[in-house]
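To start, the structure itself, in structure tokens.
Just so it is clear, none of the values below were taken in a lab; they were calculated from the coordinates. Predicted, not measured: the structure shown is a model, and the values here were computed from it. Every residue, glycine among them, receives a Cβ derived from its backbone with ideal geometry; neighbour counts consider all protein chains shown.
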Amino acid sequence: MIHLSNITKQYGSQILFRDASFQILPGSRSGLVGPNGAGKTTIFRIINGEEEADSGEISCSKRTTIGYFSQDAGNMTGRNVLEEVMAVSSETMRLAAELKEMEAAMCEPQDDEEMAALLERYGTAQEEFEHRGGYDLESRAQTVLTGLGIGSDRFYHPVESFSGGWKMRIALAGILTVKPDLLLLDEPTNHLDVESIVWLEDWLANEFKGALLMTSHDREFINRIVSRIIEVANKTVTTYSGNYDFYEKERDIRNEQLLASHKRQQEMLAKEEEFISRFAARASHAAQVQSRVKKIDKIERIEIPAEERVIRFEFNEPPRSGDDVIVMENISKEWMLPDGGIKPVFSGVSGIIRRQNKIAVVGINGAGKSTFLKVLAGQAEPGSGTINRGANVEPGYFSQHAMEILEPKKTVFETVQASMPLANIGVIRNLLGAFLFQGDSVDKKIENLSGGEKSRVVLATLLARPVNLLVLDEPTNHLDIRSREILLEALQNFTGTVILVSHDRHFLRLLVDRVIEIDHGEMRLYDGNYEYYLEKSQPTQD
């Protein structure tokens with residue numbers, strides 16, 4: 001369907017990839033992986049025609065429609081939600097209008113030749129309209145919106161009334177509704193809750209019949225969907241047959257083989273160079289020396305790729321807290337609505353969080369998970385009831401909101417230094433180095449950082465002081481898969497107490513031993529791990 005042959009792309013002196021080749025076949029499911037800055041988004045843009053390769057060829061089958069979801073929702077204004085989603089299928093909408101015009105023209109008197117030409121155009125347009133799924137466009141848009149968590153009660157709300165995260169869902173719904181032959185998805189799960197992610201998995205597996213190329217930091221999501229991995233790294237593109245778990249194992253095997261081959265080549269070159277050095281001045285060995293010089297000049301050197309830098313989380317041993325970390329007695333919380341009304345978030349919550357518990361707080365978007373975490377972390381007071389923290393409890397709180405209240409004019413170094421004013425420069429720099437801020441990057445201003453960099457700064461400030469209760473609201477957002485794995489390992493080894501919200505199911509499965517579910521203002525405790533929660537929370541079958 002789409003073939004990329006020997007494509008090269010570079011920006012200035014930075015080569016992203018050279019002589020890269022791969023193909024996307026009809027119905028194939030591929031994951032695009034690689035470190036940040038390797039060129040994944042550039043490949044999306046080249047396939048979508050937004051950028052051109054510096055060299056190489058790209059061939060695409062005729063009538064191939066491409067749908068591209070990026071992390072830029074664009075400017076949404078002047079439409080309701082349903083109109084915005086359907087507007088993405090602009091060619092389908094144009095064909096619908098064209099068919100309507102031709103149907104009206106057929107009712108007008110015309111000679112046989114004109115009518116025959118009109119009928120031929122109508123047949124061609126109708127075939128294309130059907131190919132694009134035009135006859136069920138509106139019902140498809142409604143189904144996708146509902147699956148992504150936007151119910152029928154909000155179909156006709158103006159798009160301007162939605163937050164940035166919900167606008168990303170609307171943009172995703174628009175791309176899915178297009179019914180393209182090739183779907184390009186750049187981090188589609190970033191703004192979705194678990195329920196919407198599960199729906200998207202099912203939709204891609206059972207409803208979508210086209211080809212798929214996607215990036216995702218959600219290990220479980222990509223594992224369930226793709227059967228091939230395309231890696232962009234070290235200035236080349238490599239294809240692996242299998243899901244992400246297979247790719248990771250196969251990549252490590254290939255790296256070991258590459259290191260062994262490199263070692264053998266270096267040993268061989270060292271021997272040849274030693275011979276050349278020893279006999280270069282002897283006329284009796286001139287022919288042999290020259291022969292060996294030519295030989296090693298022709299050898300293609302095996303290059304060892306630079307190690308991909310990852311975050312190195314390492315929690316210091318926290319001070320010991322009391323066995324009862326948090327005791328809740330009949331606590332509740334309400335939201336004040338703009339019209340003066342009151343919406344209950346949760347009520348009647350009682351329970352004890354014990355030392356070394358690792359608890360996930362789950363529930364649909366808007367259920368009140370973040371509000372509950374704020375109450376537990378002491379960032380907000382409950383509306384009623386009492387909440388008591390045990391002896392020597394030192395909470396540390398991470399939230400996406402914390403990224404927004406970082407002082408934009410401060411540097412990375414100044415921000416972390418403010419959290420540990422008594423520490424010397426070396427200690428601060430070591431901590432920042434663990435979060436990939438090295439050299440001049442520690443002097444970057446907060447306002448110039450990406451979302452991922454800001455997230456790392458907030459995590460670094462959290463580690464800057466000894467805490468034994470970690471309250472984490474979506475700590476994995478903006479972290480790639482490898483960095484998530486390192487954070488997961490650190491939290492598994494953390495000897496304090498952890499309470500978190502995350503939509504990364506792989507993360508939850510391997511970390512938590514308790515689950516608290518918030519559902520329509522009620523709270524339920526599942527005294528088991530995430531698998532136990534999934535089993536017990538499923539509706540029983542009659």
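For the pair Asp72 and Ile342, label points projected 7 Å from Cα toward Cβ lie 4.6 nm apart. Quick note on the stretch 1-82: its Rg to Rh ratio, both from C-alpha atoms and Rh being the Kirkwood radius, is 1.02. Per the Debye calculation on the stretch 247-298 with a single equal scatterer at every Cα and no solvent contribution, log₁₀ I(q)/I(0) for q = 0.26, 0.28 Å⁻¹ amounts to -0.92, -0.99. The per residue volume of the convex hull around the alpha-carbon atoms of the stretch 322-421 is 145 Å³.
Report, ordered by chain and residue number, the aspartates and glutamates lying within cross-link reach of Lys343, taken as a straight Cα distance under 15 Å and ignoring same-chain residues fewer than 8 apart. Those aspartates and glutamates meeting the cut-off are Glu334, Asp519, Glu522. Computed extension length for Glu272-Lys62: 70.1 nm, one decimal, from 0.36 nm per residue of separation with the Cα-Cα distance subtracted. Quote the FRET efficiency, to the nearest 0.05, computed for Lys298 versus Gln10 with a Förster distance R0 of 45 Å and r equal to the Cβ-Cβ distance. Computed FRET efficiency for Lys298 and Gln10: 0.95. May I ask you to list the lysines whose Cα is less than 22 Å away from that of Lys409, ignoring any residue fewer than eight positions away on the same chain? Output for Lys409: Lys444, Lys445, Lys454. Restriction of the trypsin sites (Lys or Arg not before Pro) in the stretch 387-441 to DSSP coil positions whose beta-carbon has at most 16 other beta-carbons within 10 angstrom yields Lys409, Lys410. Only alpha carbons enter this Debye calculation for the stretch 106-194, each as an equal point scatterer, and the log10 of I(q)/I(0) it gives at q = 0.13 Å⁻¹ is -0.59. Derived from the Cα gyration tensor, the three semi-axes of the equivalent ellipsoid of the stretch 239-356 are 70, 20, 14 Å, largest first. Positive end of the dipole of the chain (Cβ unit charges, origin at the Cα centre): among Ile304, Gly49, Pro395, the Cα lying farthest that way belongs to Ile304.
With Rh defined as the Kirkwood radius, the inverse of the mean 1/r over Cα pairs, the Rg/Rh of the stretch 324-537 is 0.98.
So for the stretch 502-542, considering every pair of alpha-carbon atoms, how many percent are separated by more than 11 Å? Tail of P(r) above 11 Å: 66 percent of Cα pairs.
Remark: the Cα gyration tensor places the stretch 367-485 in the prolate category, a/c being 1.5 or greater and a/b exceeding b/c. Per-residue packing, averaged as other Cβ atoms within 10 Å, sorts the ranges 512-520, 175-183 into the order 175-183, 512-520, beginning with the highest. Residue separation of Tyr532 and Glu52 scaled by 0.36 nm, minus their Cα-Cα distance, works out to 167.8 nm of gained length. Each of Thr239, Thr476 was scored by other Cβ atoms within 10 Å of its Cβ. Listed from fewest to most, they are Thr239, Thr476.
Pick out, from Ile150, Ile342, Val198, the residue whose Cα sits farthest towards the positive end of the charge dipole of the chain, with +1 on the Cβ of Lys and Arg and -1 on the Cβ of Asp and Glu. With unit charges placed on the Cβ atoms, the residue in question is Val198. Can you tell me what percent of all Cα-Cα pairs in the stretch 468-542 are more than 13 Å apart? Summing the P(r) tail past 13 Å for the stretch 468-542 gives 71 percent. Here's the picture: a label point sits 7 Å out from the Cα of Glu195 along the beta-carbon direction, and within the stretch 351-375 the residues with their amide nitrogen under 14 Å of it are 362-369. Could you name the lysines in cross-link range of Lys271, using Cα to Cα under 17 Å and dropping any fewer than eight places away on the same chain? Those lysines meeting the cut-off are Lys263, Lys294, Lys295, Lys298. Each label was represented as a point 7 Å from its Cα along the Cα-to-Cβ direction; for Ala105 and Trp335 these points are 5.2 nm apart.
Past 31 Å, Cα to Cα: identify those pairs from Lys358/Lys410; Lys249/Lys374; Lys100/Lys209; Lys209/Lys536, in the order given.
In this structure, Lys358/Lys410; Lys249/Lys374; Lys209/Lys536 lie more than 31 Å apart at Cα.
Among the GluC sites (Glu not before Pro) in the stretch 198-289, none is located in a DSSP loop while being surrounded by at most 11 other Cβ atoms within 10 Å of its own Cβ.
Taken along the Cα-to-beta-carbon direction at a fixed 7 Å, the label points for Ile387 and Thr124 span 6.6 nm.
Entry note, the chain: relative contact order of 14 percent, from Cα contacts under 8 Å with a spacing of 6+ residues. Shown here for the stretch 9-67: trypsin sites (Lys or Arg not before Pro) in loop regions (DSSP other than H, G, I, E, B) with at most 12 other Cβ atoms within 10 Å, namely Lys62, Arg63. Label the stretch 359-414 by shape, choosing from rounded, prolate and oblate, from the square roots a ≥ b ≥ c of the eigenvalues of the Cα gyration tensor; if a/c is under 1.5 it is rounded, and otherwise prolate applies when a/b is larger than b/c, oblate when it is not. It is oblate, given that a/c is not under 1.5 and a/b is not larger than b/c. Quarter the surface of the alpha carbon convex hull of the chain and you get the mean projected area, 37.6 square nanometres.
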